[in-house]
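The values are calculated or read from the model by the stated rules, or taken from the named source; none is laboratory data. Quantities reported herein were computed from a predicted structural model and do not represent experimental measurements. We place every Cβ from the backbone using ideal geometry, glycine too, and count neighbours over all the protein chains shown.
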Amino acid sequence: MTEQAKEQELIPVLTTNNNLQDYEEAYKNFKWEDVEKEFSWSKTGKVNIAYEAVDRHVDEGRGDKIALLFNDATRDESYTFAQMKALSNKFGNVLRSLGISKGDRVFIFMPRSPELYSSYVGAVKIGAIVGPLFEAFMEGAVKDRLQDSEAVAIVTTPQLKSRIPVAELPALKHVIVVGAEGELGERELSYEKLMESASDELQIQWVDREDGMQLHYTSGSTGKPKGVLHVHNAMIQHLQTGKWVLDLKPDDIYWCTADPGWVTGTVYGMWSPWLNGVTSVVRGGRFLPENWYKTIEKYKVTVWYSAPTSFRMLMAAGDELMKQFDLSSLRHILSVGEPLNAEVVRWGMKVYGKRIHDNWWMTETGGQLISNYPCMPMKPGSMGKPFPGIYATIVDNQGNELPPYQMGNLAIRAPWPSIMRQIWNNPAKYEEYFRLQPWYISGDSAYKDEDGYFWFQGRVDDVINTAGERVGPFEVESKLVEHPAVAEAGVIGKPDPVRGEIIKAFISLREGYQPSDELIKEIQEFVKKGLAAHAAPREIEFRDKLPKTRSGKIMRRVLKSWELGLPTGDLSTLED
Ligand code: WTA
């Protein structure tokens, strides 16, 4: 199908009882200041996102409402807002008793569990900045993040704590172990013991709206992962996008499938639903199509937020499987993280009888910026239109706005409430996003059509998006060259029908090493153990030499053309 034909395809509005009734009208009249009135701090002057997301519901008589529905292979539990308040209060007191206070970095490195959420909220209540880590991270990835942020404490589990190299982390004073058994090591403390003696009454640390709240590490194309700092003020965006994009209503049972190691899992798995006083479902364990459908059926999920890779895997699992479950509770389905193919949207219409609403944002933007809304006709394959209060556009490399259908840099007029405030320890990196004033330059390329819908085209840089996870090629290359057999490595994203992209590494070997299947497996394991399973190259190709610039930089662009069988373009800077 040609681009032009694609745009003719329009899926009409299917639901009428939407929080946002008229997008165009809202886009014209909406002001962020109006949202401020909905927070208690607009009257009391006392700010803390954790208060607004949890305690406030208790103070206003909604304490018995379920905040969290959790289940995994061994647990099946629910927590009310009152229980979440008490648990997070206790944990806030635990941290205080350890001398931790406002501005300190506290990391959370554990599988999804109720304790993850109550610790997160507790740390934010005392003004700490929380850094969540994927449980899949191995020692190298954990070390980089804890070192860069100079974290003073980390909450973890017996299974994961061996990946925290305390000897190399002088700033890290406390390793709080949930479910510890037997002897505890250096700097280790038992979570249960600490919680046992902690009071469930806590003096919340009131903060400034501009004070740090969470720190999400994400990948760029060069250098180590970047610590993206978000502040309490982001709650304005989290609340309002929850209303208009997620279309949350008080009685919804909402399920965001993302892990809190990823910004979607914190902002839209915790803050946004809880600020709206809505029950959030969290499922532990790996992706399995039947378990996912079971989760929807069991909890009667009404709003479901997931990612294209998951939808593609559900699509691959077959429509028959789906028919074994009662999914009639579903009212609204959303997707984020990578391009949502028009094909998947059409499949969603067929099997769920629902539109899958794509939306676009980034770790750095702190909240959804471009979206399809239930009240708006949808063009499958498009990311939708800017959120009210957001001006999105396409600019050239000088910052000039481009007309419809011209591809260029996807840019947003800065600032907005949830925009990142810092790249930790790296002001130069931060400035790069704002090099073309007044724009925030996303690093994505896109175009917009004459109706104002945005269409994603790709990354401008080399960042890989595999199954919705951002992987920096540099980080993988650096790990690869630590392997004794690897002389040089270049890493690219190779298009893949299910995962969007997979990681492919081109490797030249050191003297004395021969290519073999065993060596490929060994190198893959090496990256898995050193970084994370999702960062390991699924494909490895050996080459005698890799294309490099005269300054010695590996030209990933050339590797990509090799892979896709495309012309290699300008090679004037190539070494030889
Ligand atoms: C990509 C995710 C196409 C994009 C919340 C962006 C998307 C990066 C979409 C951010 C979408 C996100 N369509 N691509 N709807 N949403 N992306 O920081 O390249 O993990 O820059 O945050 O994912 O990834 P991040």
>> If V54 meets every condition in (1) surrounded by fewer than 21 Cβ atoms within 10 Å (Cβ to Cβ); (2) in a helix (DSSP H, G or I) apart from one, which number is that one?
In response: (1)
> Do you know which of the residues in the stretch 309-335 that are among the aliphatic types (A, V, I, L, M) and within 14 Å of the ligand (Cβ to nearest atom) is surrounded by the most Cβ atoms within 10 Å (Cβ to Cβ)?
Replying inline: L334
> Any residue in the stretch 169-185 that is in contact with a Leu (Cβ under 7 Å, 6 or more places away or on another chain) and either assigned to a loop (DSSP other than H, G, I, E, B) or surrounded by fewer than 19 Cβ atoms within 10 Å (Cβ to Cβ) (or both)?
Replying inline: yes
>> I'd like the residue in the stretch 150-168 that is touching a strand residue (DSSP E or B) at 6+ places or on another chain (Cβ under 6 Å) and either over 16 Å from E135 (Cβ atoms) or of a type in the set (G, A, S) (or both) and, out of all such residues, is surrounded by the fewest Cβ atoms within 10 Å (Cβ to Cβ).
In response: A153
>> For a quick check of your reading of the model, give me the residue pairs whose first member lies in the stretch 347-368 and is assigned by the TED database to the domain that holds V263 and closer than 16 Å to M322 by Cβ, whose second is within 14 Å of the ligand (Cβ to nearest atom) and assigned to a helix (DSSP H, G or I), with beta-carbon atoms closer than 6 Å and at least 6 apart or on different chains.
In response: I356/V345
> For the stretch 309-351, how many residues are at pLDDT 95 or above, more than 18 Å from D247 (Cα to Cα) and among the hydroxyl-bearing types (S, T, Y)?
Replying inline: 0
>> Based on this model, can you work out whether D72 counts as charged (D, E, K, R) and free of Cβ contacts under 8 Å to residues at least 60 places away in the same chain?
In response: no
> Assuming K243 fulfils every condition listed in (1) more than 16 Å from the ligand (Cβ to nearest atom); (2) in contact with a Phe, Trp or Tyr (Cβ under 9 Å, 6 or more places away or on another chain) apart from one, which condition is it?
Replying inline: (2)
>> I want to confirm something. Restricting to the stretch 336-361 and keeping residues that are in a loop (DSSP other than H, G, I, E, B) and in contact with a Leu (Cβ under 8 Å, 6 or more places away or on another chain), which single residue is nearest to the ligand (Cβ to nearest atom)?
In response: W361
> Any residue in the stretch 386-408 that is assigned to a helix (DSSP H, G or I) and hydrophobic (A, V, I, L, M, F, W, C)?
Replying inline: no
> Among S508, S478, S516, S442, which is the only one that is touching a residue at least 12 places away in the same chain (Cβ under 8 Å), of a type in the set (S, T, Y) and more than 16 Å from the ligand (Cβ to nearest atom)?
Replying inline: S508
> Just to be sure, is Y299 modelled with pLDDT of 95 or more and farther than 19 Å from L369 by Cβ?
Replying inline: yes
>> Looking only at the stretch 445-461, filter to residues that are surrounded by fewer than 21 Cβ atoms within 10 Å (Cβ to Cβ) and in a loop (DSSP other than H, G, I, E, B); which one of those is farthest from the ligand (Cβ to nearest atom)?
In response: E450
> Which members of the stretch 467-490 meet the condition of being modelled with pLDDT of 95 or more and within 23 Å of the chain's Cα centre (by Cα)?
Replying inline: none
>> What pairs come out if I take residues in the stretch 283-304 that are touching a residue at least 24 places away in the same chain (Cβ under 8 Å) and pair them with residues that are among the acidic types (D, E) whose C-beta lies under 6 Å away, six or more apart or interchain?
In response: G284/D72; G285/D72; E297/D326; T302/D252; V303/D252
> Name the helices (runs of 4 or more DSSP H) wholly within the stretch 232-317 that hold at least 3 residues that are outside the structural domain of E135 (by the TED database) and more than 16 Å from W361 (Cα to Cα)?
Replying inline: none
>> Looking at (1) within 14 Å of the ligand (Cβ to nearest atom); (2) in a loop (DSSP other than H, G, I, E, B), which one does S199 not meet, given that it meets all the others?
In response: (1)
> Does the stretch 205-218 include one or more residues that are modelled with pLDDT under 95, in contact with a strand residue (DSSP E or B) (Cβ under 9 Å, 6 or more places away or on another chain) and within 16 Å of the ligand (Cβ to nearest atom)?
Replying inline: yes
